[in-house]
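Each remark here refers to the structure printed beneath this line.
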Amino acid sequence: MDERLRRLKNKANKLPLSPGVYIMKNKEGKIIYIGKAKALKNRVSQYFGSQEKHYTKVRKMVENVEDFDYILTDSEFEALVLECSLIKQNMPKYNILLKDDKGFSYIKVTKGWKNIFPVLQKDDETAEYLGPYTAGFSVTKAVEQAKKIYKLPTCSKVFPRDIGKDRPCLNYHLGVCCAPCSGKLSLGEYLENVENALDFLRYGGKETIKKLTAEMEEAAENLEFEKAARLRDVIRSIEKVKSSQKVVSATYKQQDVFAVATMDGKACLSVLRFDDNALTDTEHFFADEGESPEAMRSEFILSYYSFDRKVPPRIEVDGAVEDEENIGKFLAEKRGGSVSIVVPQKGTQARLVEMCKSNAMQKLTEKYLGRDKGKEALEELALMLGLSEIPEYIEAYDISHTGGADNVGGMVVFRNGKPFKSAYRRFAVKGFDGQDDYRSMAQVIDRRLSEYEKCCAGNITDGFGRLPDLILLDGGKGQVNAVEPVLEAHGISVPMFGMVKDNKHRTSAISTGGGRIDFNSRKRAFSLVTSIQDEVHRFAVSYHRKKHTKSALSAMLTEINGIGPAKAKALIMKFGTLQRIGEATKEELMSVKGITEANALEIMKFRAD
């Protein structure tokens, strides 16, 4: 034991066997951890004994402790209350801190052809807002339901600007959008749908159903059967939404469900919040794994309610809670009524806890395990290829064409084992026709490296200004041998390999200039290279199809009298498809640069034929 630990242990052994709060400080005197104890001497002295018995989080905390203070209390409950207060004031590094930083949520109502959106802040002075609301999950779900019931658009179209420009999308045909884009709906009719949706959000399903039922009955009495049928359909939609909410429902009207998942020293707390027997919010928090599951639940729950969160009468947990009696008493005083902490064993409540636990584990896996697996795959790939460093930034290339026509190259980037789509690039192969994958690949790499040299001259380090750690080419040793002289000509030294496919077009090996490297048992590396090869192939093919379609369209347009390649290209840039060119008016055609009235009339004549 070093001198620091010996000194701290001697000081801890002189503490009384009384309840109280202990305050750990680092060498700068900053508070790094606050805890409570039934017997201060026993609890604090445990920290400065054998470090092998502690969890990683505790060991890290003890390594930074230079001194500690303590405050005696009359009871363990008083110590718990004081601990919560001090943690909230000081926010120590090694305590579990579930800061309530979600803020408020609002429902934004835009002007003109109104629409409604869930937002986290008021960012538009011209809009109206409902709220604030404390449960962002509830706001989002409520807006989704209201838009679905009253068939409000969920697309990015802007009205009235986009009215009549396109055909209604699939949502219209599925009966979940009233399609103002079609031009068949008046502004008044559309705004009536919006106002009904807002009423639904303001007053809830029960009041809305009561109001709509009365309107439906009145319409039926007045022989307005179409209106009555429309109101009936809205009522059914609301009832359908309400019934779907019961899929996740609770036995008790108000309760919170807690569960903790741990993995490799990390932990996730998930909370499901229920009100009026329905799920109203979900939250997830991450921390280092604590001393025990019981202690973690205790610390999680206390930290969660230390901020201005409403305490329900019932709390369901996935296991025992340390010092449950005092925690229940503390929460009861905060709530102003009794609070039960329960570990359900069977039935609906047990299933809710299990669902909460599954959510926590899923979030934990997404946050940590996925990243670790990616790193392991990169390490395995580096070992397989004999690289001196892990290839964190990989560029992959593929060539696509149709019988040698419309040759294109695609470049994708994987950063830390995941697609980095903002760095993807496309190349139209120039200077020759016909099928020559080797020559095409060499040209693409040459142009990419030329862009790198331009970036270096301008001191640009983003995009093309960064060289990859590894280059992968879709193909075998032929592609590698074709590109190696290009790298040498530019004076670039980057490891480069080919990705070989078998006769079923599946990744089978890595190719060098003179041979191949099989994956053998390297499953993670195989999976990573397969995903890279599939992605670069998809990207190159999608670009080729788009270019090939434009080429065919351009060839068709140049058959029109007076339309050459330049004018054809301008028409394609403006309208995109032959159908839209065919639907354009003479004035719209003449708005394209270079298109004269005579050209427009020739186009209209051509499409009429």
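Worth a mention:
- Extreme residue, modelled with the highest pLDDT, among residues of the range 247-297 that are part of a loop (DSSP other than H, G, I, E, B) and within 11 Å of LEU352 (Cβ to Cβ): TYR252
- Residue in the range 365-379 that is in contact (Cβ under 8 Å) with a residue 60 or more places away in the chain, more than 30 Å from ASP469 (Cβ to Cβ) and outside the structural domain of ASP469 (by TED's automatic domain parsing) present: no
- Selection of the range 509-533 for residues being under 19 Å from ILE394 (Cα atoms) and among the hydroxyl-bearing types (Ser, Thr, Tyr) yields SER511, THR512, SER527, THR530, SER531.
- ARG538 being assigned to a helix (DSSP H, G or I) and modelled with pLDDT under 80: no
- Whichever residue in the range 48-69 is of a type in the set (A, V, I, L, M, F, W, C) and within 19 Å of ALA267 (Cα to Cα) and, among such residues, is surrounded by the fewest Cβ atoms within 10 Å (Cβ to Cβ): VAL58
- So VAL486, is it touching a Phe, Trp or Tyr at 6+ places or on another chain (Cβ under 8 Å), β-branched (Val, Ile, Thr) and in a helix (DSSP H, G or I): no
- If you go through the range 104-122 and keep only what is assigned to a strand (DSSP E or B) and not small (Gly, Ala, Ser), you end up with TYR106, ILE107, LYS108, VAL109, ILE116, PHE117, PRO118, VAL119.
- Top-ranked residue in the range 273-325 [being of a type in the set (S, T, N, Q) and in contact (Cβ under 8 Å) with a residue 60 or more places away in the chain; ranked as farthest from GLY336 (Cα to Cα)]: THR282
The values are calculated or read from the model by the stated rules, or taken from the named source; none is laboratory data. The structure displayed is predicted, hence computed values, not measured ones. Cβ sites come from the backbone with ideal geometry, for glycine too, and all protein chains shown count toward neighbours.
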